[in-house]
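What follows is one structure encoded as structure tokens, with my remarks underneath.
The values are calculated or read from the model by the stated rules, or taken from the named source; none is laboratory data. Source: prediction; values computed, not measured. Backbone-built Cβ (ideal geometry, glycine too); neighbour counts: all protein chains shown.
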Amino acid sequence: MSKNLTIVHNPLFLADFPDPSVVVTEDAVYMTTTSMHFMPGIPIMRSYDLAHWEIISYVYDHFENNAAHCLEDGQSIYSQGSWATSFRFHKGIFYVCFNSNDMQNTYIYRTADLAGSKWHRTVIPGFHHDPSLLFEDGRVFIVYGNGTIHIKELESDCTTVKVDGIDQVLLDTPVVEGLNCEGSHIHKVGDYYYLMMIQWPKSGSGRRIQWCYRSEELLGEYTGKIILDDDMGYQNNGVAQGGIFKFKNEWYAMLFQDRDSVGRCPVLMPVSWQDDWPVLGIEGKIPHEFEVPLQEKKAEPFTKSDDFEYETDKLHFAWQFNHNPDDRYWSVTERPGHLRLKNGQLSNCLENARNTLTQRTTGPVSSFYTCLDTSGMQTGDCAGIAAFQSRWGIAAVTVDDDGKRIVMKTGEGQDEVIVESVPLLADTVHLKVEFDFTVSRDIAIFYYSYDSVKWIRLGSELKMIYQLRHFVGYRAALFSYATEKIGGYVDFDFMRYEPRG
């Protein structure tokens, strides 16, 4: 390989970045993905060569401030929140459009500075399923729908639906047993409008496929065909949903693939053209790797270790809270060099614990470990590290009337069950979770240590399952919650992330 080239591997990274949407500027490619319930939300990712990516900002710290978004009063937005984004760049302004299933509204954020935090927000009432923005001759449209695809015109500033503007069915796609065409990505290339969508029929191969429809007129007759049906040899999980883009005079497509419990992972492929149709991959197959020009610019890892050395309570972009945080009850400055999580409300299990702090896991194998100072914990408190999805496992310290114990618990729904419990012999303890996402394993293993050298297995393996109740890949999480009284706290000295494979 030439020193001026680098290799793109597929999936692009084994981590949960679903529903990708891409825009291109003169020197860089930017991508947004679905955030669901995590805050801050909608990461802005950047690459200069398509192989190396980093998170440079988020679109919002939170987009609603109600009980469900704040994990209060028994409410939550698991599998809700912000879904598939449409990311666009038009006349120097970046636009991000998405639906919120729980709010049943459509949101459009815009900014001229992706690395900044000044996003202007517009809320358009009503649910527009998987919307895709299109800017065309001074007009703006959203294309959306499932099976039946609609088009609706907005005012040119994207602040509201245009009175007496276009509002009609754009086309009907084939009805199947399974998932009808959705996930619209509309593009204007040359003389054609191209509308790309995902479909998941139960017949045929039984896997996700990518459709493309085209028309020479926006409101004209669309003809369509399947342009990709490939699982890259992985579990019959088809690669689909995304769009096409041109970078450095070459065409590409960014889609995603389900990789079981690690989540939905982005897949990049070259695109060629035949008879004005996009041809994805190489002879209908997605390359497991291919070369692209190298740009010598460092990319900050999107999952990383942290010593919690901060001057202000502003965390690295690798971290996201599970739901809106309550900023009164967490800090990285109250005790310098530590993450302090304070218990400001009662919870019966991890799923209801506010201020849980998460990072994406990565495959094929990765581990995370931390060191807890438990001296601030109170009776009824539980704090530690988790493999977190709707079926979770934790290595934690709990406090009861007889003192502190190290426990491994599993949980699902509103129930947590202790699998193993041993006495805690010191106020400080190290806890670790190891994730194994190799094919057909999907297990998490838990450990404890007093010196981070000699690790002792704790409890049993957690069989990780990707479930739609959360609709995200497994996260590594630091948490603390109170079951009896508020006011206790725990200090985390660091988080160590170790990828393997």
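Restricting region 209-233 to residues that are touching a residue at least 40 places away in the same chain (Cβ under 8 Å) and in contact with an Asp or Glu (Cβ under 8 Å, 6 or more places away or on another chain), which is surrounded by the fewest Cβ atoms within 10 Å (Cβ to Cβ)?
LEU218
When residues of region 284-300 are filtered for being part of a loop (DSSP other than H, G, I, E, B) and closer than 20 Å to GLU54 by Cα, how many remain?
First, the residues of region 284-300 that are part of a loop (DSSP other than H, G, I, E, B): 284, 286-288, 294-300.
In the following step, the residues that additionally are closer than 20 Å to GLU54 by Cα were identified as 294-300.
Qualifying residue count, region 284-300: 7.
Quick one: in region 351-381, which of the residues that are small (Gly, Ala, Ser) and in a strand (DSSP E or B) is farthest from GLU311 (Cα to Cα)?
Our first condition is that a residue be small (Gly, Ala, Ser); within region 351-381, this holds for 353, 363, 366-367, 375-376, 380.
Keeping just the survivors that are in a strand (DSSP E or B) gives 366-367.
Details: SER366: 29, SER367: 27 Å.
Among those residues, the one meeting the criterion is SER366.
When only residues in region 3-19 that are within 12 Å of the chain's Cα centre (by Cα) and of a type in the set (D, E, K, R) count, which is surrounded by the fewest Cβ atoms within 10 Å (Cβ to Cβ)?
ASP19
Within region 404-413, can one find any residue that is charged (D, E, K, R) and surrounded by fewer than 16 Cβ atoms within 10 Å (Cβ to Cβ)?
Residues of region 404-413 that are charged (D, E, K, R), as a first pass: 404-405, 409, 412.
Then keep just the ones that are surrounded by fewer than 16 Cβ atoms within 10 Å (Cβ to Cβ); that gives none.
Among the residues of region 404-413, not one is charged (D, E, K, R) and surrounded by fewer than 16 Cβ atoms within 10 Å (Cβ to Cβ), which makes the answer no.
Tell me which residues, restricted to region 445-466, are closer than 28 Å to GLY403 by Cβ and in contact with an Asp or Glu (Cβ under 7 Å, 6 or more places away or on another chain).
Step one: list which residues in region 445-466 are closer than 28 Å to GLY403 by Cβ, which gives 445-462.
ILE445, LEU458, GLY459 - these are the residues of region 445-466 that are closer than 28 Å to GLY403 by Cβ and in contact with an Asp or Glu (Cβ under 7 Å, 6 or more places away or on another chain).
Inspect all residues belonging to region 254-261 and state whether any of them is among the charged types (D, E, K, R), farther than 19 Å from PRO131 by Cα, in the same structural domain as TRP83 (by TED's automatic domain parsing) and over 24 Å from the mean Cα position of the chain (by Cα). Don't jump to the end; show me each part of the working.
Looking only at region 254-261, we keep the residues that are among the charged types (D, E, K, R), and these are 258-260.
Within this subset, residues satisfying the condition of being farther than 19 Å from PRO131 by Cα are 258-260.
Restricting the remaining residues to those that are in the same structural domain as TRP83 (by TED's automatic domain parsing) gives 258-260.
Adding the requirement that they be over 24 Å from the mean Cα position of the chain (by Cα) leaves none.
No, region 254-261 contains no residue that is among the charged types (D, E, K, R), farther than 19 Å from PRO131 by Cα, in the same structural domain as TRP83 (by TED's automatic domain parsing) and over 24 Å from the mean Cα position of the chain (by Cα).
Cβ contacts < 6 Å: first residue closer than 23 Å to ASN99 by Cβ and assigned by TED's automatic domain parsing to the domain that holds ASN99, restricted to region 112-124; second residue assigned to a strand (DSSP E or B) and of a type in the set (Phe, Trp, Tyr), any location; separation 6+ or different chain. Result?
Between residues of region 112-124 that are closer than 23 Å to ASN99 by Cβ and assigned by TED's automatic domain parsing to the domain that holds ASN99 and residues that are assigned to a strand (DSSP E or B) and of a type in the set (Phe, Trp, Tyr), the close pairs are LEU114/PHE94; TRP119/TYR109; ARG121/TYR109; VAL123/TYR107.
Among the residues of region 303-350, which ones are assigned to a loop (DSSP other than H, G, I, E, B), among the small types (Gly, Ala, Ser) and within 18 Å of MET39 (Cα to Cα)? Lay out the reasoning, then the answer.
Start the filter on region 303-350 by keeping residues that are assigned to a loop (DSSP other than H, G, I, E, B), which leaves 303-305, 307-319, 323-326, 332-338, 343-345, 347-349.
With among the small types (Gly, Ala, Ser) added as a condition, the list becomes 305, 318, 337, 344, 347.
Selection gives ALA318 alone.
Determine, yes or no, whether PHE290 is in contact (Cβ under 8 Å) with a residue 40 or more places away in the chain, over 23 Å from the mean Cα position of the chain (by Cα), farther than 23 Å from ILE186 by Cα and crowded, with 18+ Cβ neighbours inside 10 Å.
Values: in contact (Cβ under 8 Å) with a residue 40 or more places away in the chain: yes; over 23 Å from the mean Cα position of the chain (by Cα): yes; farther than 23 Å from ILE186 by Cα: yes; crowded, with 18+ Cβ neighbours inside 10 Å: yes.
Spelling it out, PHE290 is indeed in contact (Cβ under 8 Å) with a residue 40 or more places away in the chain, over 23 Å from the mean Cα position of the chain (by Cα), farther than 23 Å from ILE186 by Cα and crowded, with 18+ Cβ neighbours inside 10 Å.
Given the conditions (1) assigned to a strand (DSSP E or B); (2) buried (at least 18 other Cβ atoms within 10 Å of the Cβ), and given that ASP130 satisfies all but one, which numbered condition is not satisfied?
Result: ASP130 fails condition (1) only.
Considering only region 53-107, how many residues are closer than 22 Å to PHE317 by Cα, in a strand (DSSP E or B) and of a type in the set (Val, Ile, Thr)?
4
Could you tell me whether any residue of region 342-358 is of a type in the set (S, T, N, Q), at pLDDT 95 or above, touching a Phe, Trp or Tyr at 6+ places or on another chain (Cβ under 6 Å) and surrounded by fewer than 24 Cβ atoms within 10 Å (Cβ to Cβ)?
yes
Could you tell me whether VAL365 is touching a residue at least 40 places away in the same chain (Cβ under 8 Å), hydrophobic (A, V, I, L, M, F, W, C) and under 17 Å from GLY459 (Cα atoms)? Before the answer, list the steps.
Working: touching a residue at least 40 places away in the same chain (Cβ under 8 Å): yes; hydrophobic (A, V, I, L, M, F, W, C): yes; under 17 Å from GLY459 (Cα atoms): no.
For VAL365, the condition - touching a residue at least 40 places away in the same chain (Cβ under 8 Å), hydrophobic (A, V, I, L, M, F, W, C) and under 17 Å from GLY459 (Cα atoms) - is not met.
Between a residue in region 345-361 that is over 17 Å from GLN378 (Cβ atoms) and any residue that is part of a loop (DSSP other than H, G, I, E, B) and among the small types (Gly, Ala, Ser), which pairs come within a Cβ distance under 6 Å, given they are 6 or more apart or on different chains?
GLN359/ALA318; ARG360/ALA15
Considering region 168-178 alone, what residues qualify as being surrounded by 15 or more Cβ atoms within 10 Å (Cβ to Cβ) and either within 12 Å of HIS150 (Cα to Cα) or at pLDDT 95 or above (or both)? Lay out the reasoning, then the answer.
We begin by selecting, within region 168-178, every residue surrounded by 15 or more Cβ atoms within 10 Å (Cβ to Cβ); these are 170-171, 173, 176.
Of everything in region 168-178, those that are surrounded by 15 or more Cβ atoms within 10 Å (Cβ to Cβ) and either within 12 Å of HIS150 (Cα to Cα) or at pLDDT 95 or above (or both) turn out to be LEU170, LEU171, THR173.
Taking the residues in region 84-120 that are of a type in the set (Lys, Arg) and over 21 Å from the mean Cα position of the chain (by Cα) as candidates, determine which candidate is nearest to GLU64 (Cα to Cα).
Taking region 84-120 as the starting set, the residues that turn out to be of a type in the set (Lys, Arg) are 88, 91, 110, 118.
Narrowing the set further to residues that are over 21 Å from the mean Cα position of the chain (by Cα) leaves 91, 118.
Values: LYS91: 29, LYS118: 17 Å.
Ranking the qualifying residues of region 84-120, first place goes to LYS118.
If the requirement is being within 29 Å of ASN352 (Cα to Cα) and out of contact with any Cys (no Cβ under 7 Å at 6 or more places or on another chain), which of these qualifies: HIS9, HIS69, HIS52, HIS90?
Working: HIS9 fails: within 29 Å of ASN352 (Cα to Cα); HIS52 fails: within 29 Å of ASN352 (Cα to Cα); HIS90 fails: within 29 Å of ASN352 (Cα to Cα).
Only one candidate qualifies: HIS69.
Residue-by-condition table, conditions (1) among the β-branched types (Val, Ile, Thr); (2) under 23 Å from the mean Cα position of the chain (by Cα):
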| position | (1), (2) |
| --- | --- |
| SER347 | no, no |
| GLU351 | no, yes |
| ARG354 | no, yes |
| THR361 | yes, yes |
| SER367 | no, yes |
| CYS382 | no, no |
| TRP392 | no, yes |
| GLY403 | no, no |
| ILE406 | yes, no |
